[in-house]
Every structure is written in structure tokens, then in C-alpha cells.
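Worksheet: the structure to be examined is printed underneath.
The values are calculated or read from the model by the stated rules, or taken from the named source; none is laboratory data. Model, not experiment: these values are computed from the prediction. Here the Cβ positions follow ideal geometry from the backbone for every residue, glycine too, while neighbour counts run over all protein chains shown.
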Amino acid sequence: MEDISQILDSLNPIQREAVAAPTGHLLILAGAGSGKTRVLVHRIAWILATQQAQAYNILAVTFTNKAASEMQKRINQLLDGISTTGLWVGTFHGICHRFLRMHWQEAKLPNTFQILDSDDQQRTLKRILIAQGLDEKTWTPKQVQHFINNHKEQGLRPQHIHVEAHETWLKRMLSIYQTYDEHCQRNGLVDFAELLLRTYETLRDNDALRNTYQTRFRHILVDEFQDTNTIQYKLIQTLVGKDSHLFIVGDDDQSIYSWRGAKIENIQRINQDYPNTHLIRLEQNYRSTGTILAVANQLIANNKKRLGKNLWTAGEKGDPVYLYTAYSDLDEARFVADKIAEWQGKWQEIAVLYRTSAQSRVFEEALLQRNIPYRIIGGLRFYERAEIKDVLAYLRLLHHRHNDTAFERIINLPKRGIGDKTLESLRATARQHQCSLWDAIQHALASQQLTKRAATPLLSFSTFIEELSQKIAGQPLHEQIKQIIQQAGLVAHYQKDDPVDATRRQENLDELQTAAEQFEKLYYSEPDIISAFLAQAALEAGEGQSQAFEDCVQLMTLHAAKGLEFTLVFLGGLEEGLFPHQNSIDEGNLEEERRLCYVGITRARQTLYLCHSENRAQYGQRSNAYPSRFIAEIPRELIQEVRLKTAFSVKSSVAIDASFQLGDNVRHPTYGDGVIIEQEGQGELMRLRVAFSNGTSKWLLLAYTRLEKMG
DNA sequence: TAAGCCGAACTTTTT
DNA sequence: GTTCGGCTTA
């Protein structure tokens, strides 16, 4: 590239220092909104433009597909036509998958190995547990899944785990782990954690291969390093050769995934493991107002375990941060929705953030009532939807008859009269012959031991799959999918199963065909497009819903908000027990909750509303709630409390609004709208009987209730 | 075999 | 208060 300066010109001095740093290991502590992605992208462009290395020598790792594609896109923009062929940008899992596809022999995998997603893994484990005759109450698939993934993420195989003779629980767990691994190996299945562990082990044990990659990757860039788990860090360490340079970007204050195995210690360990690492802090924030940053800084300063960092901005102080004390969760939602309704800009500039997904419902209802379009981020993703997984299971089985996971999913979908009894005998046959369930059908039919009632549907299923397989052979991917949906009669099945959901499912199936068509266009040169498509479906589960409604208020959990920014942010449910969550309080994990709050606050560009409620319905129970300690940790002078303009009674206040009269329309934070139908007593002892629109009526002591007088 | 009823659980979730 | 999964009944 002729114009190297263009890569540096748009950066501030510290960003420039990071981007143009001489080779050597670098740790960039990048605060929220400090231009983290920008620095990563410009660093890659800088390396290429100054010809320190070829694209082929660079590896850039991210945590989400979104971040990876964003980075790839921005690199291409910046380099404007200069080839980046050979550059590896992807998620840990994506990169490991690629590696294992290339080196399946060294990794001791079949070249047709399939990825087992979380759901498939759980189903597989469930079958193993049942096969071993274990009590489902004591040995839940979920618990076992957690145990296995947890150990794989620490790089531990069953034989590495020390067990004492008396530890029966652990012994049994290890034996299940072992059985599961053997099952996967036999059937060419690789779960998410295995992608990483297998790659690590292959590189560790194969000197030639390791040397090749260590020599190749002269620049290894890692984003969101505070989120790496043990095996991910080990993998990185294995890739670092004597001429490799680490460029690590992270923010210890934004580490919010310890419950998922992320080790915040990794970022603190870098200096020990690579003593010559140069540390650079990016503290200038380009996102939020001075006040919002002050609030964030003050809050996070309460954490003890920090590398330390203070965000600042050259911009304005801006609005104060608002605090609204709601009477109930409904009132909180009403307030938020009313404020949103006043908004002059685009809906998509607004986010409502909360600690738990269950909180979204009241916000949804309030927004729905006001006809404000919204979108919930997170939840079930496209390729995780049952109907999508059903079709993909057919596709899998049609191309790999011995895939038992796929087989189990669709053997009786739609209903073919093959029930648990028949299936159980098939499983037994499969175990006995050490074969797949598909082959077990042939054995079972040949042995003539089945009743006619069981044999007939099995035979027709087997014929159906064979015929469909011949029919779709050689056809394009989207056509195969179309045929599967039609021939299997899936639409009719969903219609019968749940007529209300059927339309939505149908739409998703159409979407799947479109997605397949797009995939074909993009990867037309791929030799095995079916496998590639299936792998992508597992690794990149896609968005929750289509992007059709672009301009929407965004509702999401704080975890889902990481990395995003909005002009106007509402942070709801700041209550003890909810945020910080009770479990975190009990586990003494308050610092992570505080970081989560810090993440939430730093999402806001211009205006931030903090909300808490004095009363909240949870698990169908209504109870009192107390303001979160995080509110108390923010200096009062940075906060402006919001009060209602309408007449309302104030608990323990001197002035009790006496303007309530018979017949007045009122609103109660918990019970909703109503009319005053009786009145007795005076002053603080005044009691009002209110008939609510839900049909109930209640006596309310004015001094202790929170009634609002309506127009 | 399949539909319907009842009891238990319930933070966060990417790959 | 909802959802999921297991158990019972037709």
C-alpha cells in the first residue's frame, strides 16, 4: 500500500502507539468505547501495509461470529482491494473446525466428522445415561454435560482426573465421560469443547504440525481476551512460536462470563507467561458523555481485583444520569415505555437492558400497548429452532445413515407409529451388533422377532429414506431441503402439532431454503457443500429473528448488550437479589455483577435511566424489593431522581395529597387502573376503597399506598 | 402409541 | 406465572 499514513491518521496517539508498535508481545487494555475493534483492524492493516508479514502469517481470533465478520469486513474496507488471502479471522471454534477439517488424519478423526451442538450433545448424553440404566433424577444430562464440557475446557480427559477409591460419584461421572467420548469417536462426532481440545492436543503432540503453524502465525491477535477459558489460552500458547507476536486486546472490567469457564486471570497472567509484554491502556472513550463515564468509573472502582483504568472523554458532561424508583415492576415498565414514547429519534437508538430474561415480559407488554416496535435480542436462535433442526436431521441422516443423533430425532417425526418400545429394541439391537440404529433396522427386520405392528412402519421408514435419498442425489442443497420438507410431510405435522405455531414454523422453513440458496452462491466451490452447510448451522446459529423490522427498540439482557451501544439506555430492575442476583450474592461473586452493571452503564451514549422497583412479581410471587447496592455506590451528585408529575401519595411524607375524591380515576402501581368508590378517615389515616378494572376492589391506606391520580 | 395432566424448577449463554 | 418433562390414562 502506498499510503501507510492513512492507516494511522484517524487514530489518537495511544491507539497509534498500539497499532504501530514494534514487534513484540502487546497487551492492550481497552476500556469500553475506546476503539478496541478499530485498533485490531488497523493493526492488521498496518502489518500488511508495512510488509512486516503476509496475510498468511496472521491469525485473528474473536469470540462471536458477529465480531469475526465485522472485523473481516472492516479489514477489507481499510485495505481497499488489497488481497487478504490466507488471513485467518474467526472464532476459536471456527478456526479449530477449519484446522480439524484440514488435519483430520493427524487429529485421528474420520474426514466426515460432524459437529455436535449443545442440544445434540445433551440428547446423546441422555441416551447414554438411559443405556447405562442410571437414574435420571440423580444423573441429569444437563449436569453430566456440564461436567464433561467443564473438564474439556480445562484440557482434562478422563484419565487426567485424579479420583480416590471412595469417590463414587466422581468415578461414575468419569466413566460416563469416557463412554461418551468413545461414542463420539466411534461415530465421528465432535462437540464444541472437543473442537478446541482436539486441536490443542493435535498441535501439542505433533511436532511437525506445531512447528508449521508456529512459523506460519507470526502475528496472533486475540480479541476479548478476558473471556478466554483455560483451553483457549493453552491453544494460543501452543501457537506462539519463537518469532510470533501476541497482540492481545481485552478489558478485565468487562469480564462477565466466569460462569462459562472464562478465566479473568488469563489477562493477569500474560505478564508472567510472556515477561516482555508491553502494556498499553486505551482510556479515551468516544462513546459516552462525561457524566455517564463518571458514574461507570465510580461504580467499578469498588472492585478490588482490577488492573486499573479510568475512562475519560474530550466530550461534554451531558445530562445527569436519571434514577426512577418505581412502585412495582409494572410501574417500572410503564415509566420506561412512556419515556420511550417521548423519544424523537429512531427506535433502534434505544435499548432496555435487564439482568434476567424473565424481566422482558412486562417491558414487552408496555411497549405493545403503546404500539412501539421492539425486538428481543437473544433467546432461541434460528438454527436452534426445532423445525430447522428437524430438517437438518433429515439432511444429515440422508447423507450419513449412521448418524444416530439425526436418526433418533426424526425416526418418529412425523408420527409413523414407531414408539418407545420399538425404538428401545432397535437400540438394543444396535448395541448387540455394535452398529448404527440405521443398520439395526435391517438386523431387526431380518431376525423376524418384531411384531407386524412394529415391523411395518420400520420397513416403510427405511424405504422412504432410501427413495428420498435417491431422489435428491445430486440436486442442489436448497432443492434437497425443499424435497425433505415436502416428502416428509413436515408442514402437515407442525400444523397438527400446534396450529398456532405452524405459520411461524412454515416461515422459518422458507427462510431455511433461502439461507441454503445463499450459502450455495457463496460457497459454490466447496466440494462437500452439505457438510459445510451443516457445520455452519452448528457453529453459527444465526440471529434470533429475521432483520425484517429494522427500526425497533432493543430489549436484551446485560450479557447480550456487551459490545453494543445506544443513544438512550434504560437499565431496569436494579434491586438487591435481582441485580446483583441472589445467587451471585450467595456465591460471593459480586465483582462480576458489578462488572455487568459497568457494561450496562457504558452502553449509553447520551442518556441513561437507572430504574428500580419497590415491589416485584417473581415466580408468581409478589414481594418487596430494595434498591441495589450499585445505586448506593454511585455519587448522588451525578444522579437526578425522577418524580411523577401527577398527584400521588407519599409514604412517610409530611404532605399527603388530600385531593383524592370519590369518583376519581386512579392508577395503582400493582393493581392497575381503578376508581375511588369509598373514602374514610382524614389526613394520614385516610383510607380509600378502589374498584380496579380487573374486577377486584381494595381498601388502601393513603399513607402507605402509591396511588396516582389520573387525568 | 399418543394425548393430556400434574409437579418441579426457574441467572446470565457463545460456540 | 410459565414452561418443560415425566407419568398416567384412553
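Look at A:Glu153 and say whether it is within 16 Å of A:Gln185 (Cβ to Cβ) and of a type in the set (Asp, Glu). Show your work before the answer.
Values: within 16 Å of A:Gln185 (Cβ to Cβ): no; of a type in the set (Asp, Glu): yes.
Considered against the rule, which asks whether it is within 16 Å of A:Gln185 (Cβ to Cβ) and of a type in the set (Asp, Glu), A:Glu153 comes out as no.
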How about segment A:1-109: which strands (runs of 3 or more DSSP E) wholly inside it have at least 1 residues that are touching a strand residue (DSSP E or B) at 6+ places or on another chain (Cβ under 9 Å) and under 30 Å from A:Thr313 (Cα atoms)? A:26-30, A:58-62
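For segment A:319-378, name all the residues that are of a type in the set (Val, Ile, Thr), touching a residue at least 40 places away in the same chain (Cβ under 8 Å) and either within 16 Å of DNA strand B (Cβ to nearest atom) or in a helix (DSSP H, G or I) (or both).
Residues of segment A:319-378 of a type in the set (Val, Ile, Thr): A:321, A:325, A:336, A:340, A:350, A:352, A:356, A:362, A:372, A:376-377.
Now drop any that are not touching a residue at least 40 places away in the same chain (Cβ under 8 Å), which leaves A:321, A:325, A:336, A:340, A:350, A:352, A:356, A:372, A:376-377.
Those that are of a type in the set (Val, Ile, Thr), touching a residue at least 40 places away in the same chain (Cβ under 8 Å) and either within 16 Å of DNA strand B (Cβ to nearest atom) or in a helix (DSSP H, G or I) (or both): A:Val336, A:Ile340, A:Val352, A:Thr356, A:Ile376, A:Ile377.
In segment A:130-146, what residues are surrounded by 18 or more Cβ atoms within 10 Å (Cβ to Cβ), touching a residue at least 24 places away in the same chain (Cβ under 8 Å) and more than 11 Å from DNA strand B (Cβ to nearest atom)? Break it down stepwise before answering.
Keep residues of segment A:130-146 that are surrounded by 18 or more Cβ atoms within 10 Å (Cβ to Cβ), which gives A:139, A:141, A:144-145.
Retained after the next criterion (residues that are touching a residue at least 24 places away in the same chain (Cβ under 8 Å)): A:139, A:144-145.
Within segment A:130-146, A:Trp139, A:Val144 meet the criteria.
Please indicate, with yes or no, whether at least one residue in segment A:551-566 is among the hydroxyl-bearing types (Ser, Thr, Tyr), under 17 Å from the mean Cα position of the chain (by Cα) and near DNA strand B (Cβ under 8 Å from one of its atoms). So that I can check it myself, show each step before the final result.
Here is the first cut: in segment A:551-566, the ones among the hydroxyl-bearing types (Ser, Thr, Tyr) are A:557.
Still in the list and also under 17 Å from the mean Cα position of the chain (by Cα): A:557.
With the extra rule that they be near DNA strand B (Cβ under 8 Å from one of its atoms), the set shrinks to A:557.
Yes.
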The one condition A:Ala165 fails out of (1) assigned to a helix (DSSP H, G or I); (2) over 30 Å from A:Ser10 (Cβ atoms) is (1)
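For segment A:189-201, what are the residues that are closer than 26 Å to A:His402 by Cα and hydroxyl-bearing (Ser, Thr, Tyr)? Break it down stepwise before answering.
Our first condition is that a residue be closer than 26 Å to A:His402 by Cα; within segment A:189-201, this holds for A:189-199.
A:Thr199 - this is the single residue of segment A:189-201 that is closer than 26 Å to A:His402 by Cα and hydroxyl-bearing (Ser, Thr, Tyr).
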So is A:Ile484 in the same structural domain as A:Asp510 (by TED's automatic domain parsing) and touching a Phe, Trp or Tyr at 6+ places or on another chain (Cβ under 6 Å) or not? yes
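Go through segment A:605-620 and report how many residues are under 28 Å from the mean Cα position of the chain (by Cα), part of a strand (DSSP E or B), within 16 Å of DNA strand C (Cβ to nearest atom) and of a type outside the set (Lys, Arg). Talk me through it step by step, then tell me what you get.
First, pick out the residues of segment A:605-620 that are under 28 Å from the mean Cα position of the chain (by Cα): A:605-613, A:616-620.
Remaining after also requiring part of a strand (DSSP E or B): A:605-613, A:616-618.
Checking the rest, the ones that are also within 16 Å of DNA strand C (Cβ to nearest atom) come to A:613, A:616-618.
Within this subset, residues satisfying the condition of being of a type outside the set (Lys, Arg) are A:613, A:617-618.
Of the residues in that region, 3 qualify.
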In segment A:605-622, residues that are within 16 Å of DNA strand B (Cβ to nearest atom), touching a helix residue (DSSP H, G or I) at 6+ places or on another chain (Cβ under 6 Å) and among the hydroxyl-bearing types (Ser, Thr, Tyr) total 0
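Which of the following residues is under 30 Å from A:Gln554 (Cα atoms), surrounded by 15 or more Cβ atoms within 10 Å (Cβ to Cβ) and touching a residue at least 40 places away in the same chain (Cβ under 8 Å): A:Arg396, A:Arg385? Steps first, answer last, please.
Numbers: A:Arg396 fails: under 30 Å from A:Gln554 (Cα atoms).
Exactly one residue qualifies, and that residue is A:Arg385.
The rows are residues; the columns are (1) free of Cβ contacts under 8 Å to residues at least 40 places away in the same chain; (2) away from DNA strand C (no atom under 16 Å from the Cβ); (3) under 19 Å from A:Gly155 (Cβ atoms); (4) not aromatic (Phe, Trp, Tyr).
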| position | (1), (2), (3), (4) |
| --- | --- |
| A:Met173 | yes, yes, yes, yes |
| A:Tyr180 | no, yes, yes, no |
| A:His183 | no, yes, no, yes |
| A:Gly188 | no, yes, no, yes |
| A:Phe192 | no, yes, yes, no |
| A:Tyr200 | no, yes, yes, no |
| A:Arg204 | yes, yes, yes, yes |
| A:Ala208 | yes, yes, no, yes |
| A:Arg218 | no, yes, no, yes |
Could you list, in sequence order, all residues of segment A:283-312 that are assigned to a loop (DSSP other than H, G, I, E, B), in contact (Cβ under 8 Å) with a residue 24 or more places away in the chain and surrounded by fewer than 20 Cβ atoms within 10 Å (Cβ to Cβ)? A:Glu283, A:Tyr286, A:Asn302, A:Asn303, A:Lys304, A:Lys305, A:Arg306, A:Leu307, A:Lys309, A:Asn310
Would you point out which residue out of A:Arg198, A:Arg204 is basic (Lys, Arg), buried (at least 16 other Cβ atoms within 10 Å of the Cβ) and within 24 Å of A:Val89 (Cα to Cα)? A:Arg198
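Counting just the residues of segment A:106-158 that are among the aliphatic types (A, V, I, L, M) and closer than 19 Å to A:Ala406 by Cβ, which one comes out nearest to DNA strand C (Cβ to nearest atom)? Let's see the steps before the verdict.
First pass over segment A:106-158, keeping only residues among the aliphatic types (A, V, I, L, M): A:107, A:109, A:115-116, A:125, A:128-131, A:134, A:144, A:148, A:156.
Remaining after also requiring closer than 19 Å to A:Ala406 by Cβ: A:109, A:115-116, A:125, A:128, A:130-131.
Values: A:Leu109: 30, A:Ile115: 21, A:Leu116: 17, A:Leu125: 12, A:Ile128: 14, A:Ile130: 9, A:Ala131: 14 Å.
Per the criteria, the residue is A:Ile130.
Going by the conditions given, is A:Ala440 within 30 Å of A:Gln518 (Cβ to Cβ) and of a type in the set (Gly, Ala, Ser)? Quick ask: steps written out before the conclusion?
Numbers: within 30 Å of A:Gln518 (Cβ to Cβ): no; of a type in the set (Gly, Ala, Ser): yes.
No; evaluated as a whole, the condition is false for this residue.
Looking at A:Arg98, A:Arg157, A:Arg127, can you tell me which residue is touching a Phe, Trp or Tyr at 6+ places or on another chain (Cβ under 9 Å), outside the structural domain of A:Ala406 (by TED's automatic domain parsing) and away from DNA strand B (no atom under 16 Å from the Cβ)? Even if it seems obvious, please write down each step before you answer.
Working: A:Arg98 fails: away from DNA strand B (no atom under 16 Å from the Cβ); A:Arg127 fails: touching a Phe, Trp or Tyr at 6+ places or on another chain (Cβ under 9 Å).
Checking each option against the conditions leaves just A:Arg157.
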Tell me, which helices (runs of 4 or more DSSP H) wholly within segment A:498-602 include 2 or more residues that are farther than 29 Å from A:Glu342 by Cα and of a type in the set (A, V, I, L, M, F, W, C)? A:499-522, A:529-539
Those residues of segment A:402-444 which are surrounded by 15 or more Cβ atoms within 10 Å (Cβ to Cβ), charged (D, E, K, R) and either within 16 Å of DNA strand B (Cβ to nearest atom) or within 21 Å of A:Gln121 (Cβ to Cβ) (or both), in sequence order: A:Asp404, A:Glu408, A:Arg409, A:Arg416, A:Arg427
Looking at (1) more than 19 Å from the chain's Cα centre (by Cα); (2) surrounded by fewer than 18 Cβ atoms within 10 Å (Cβ to Cβ), find the lone condition where A:Gly378 falls short. (1)
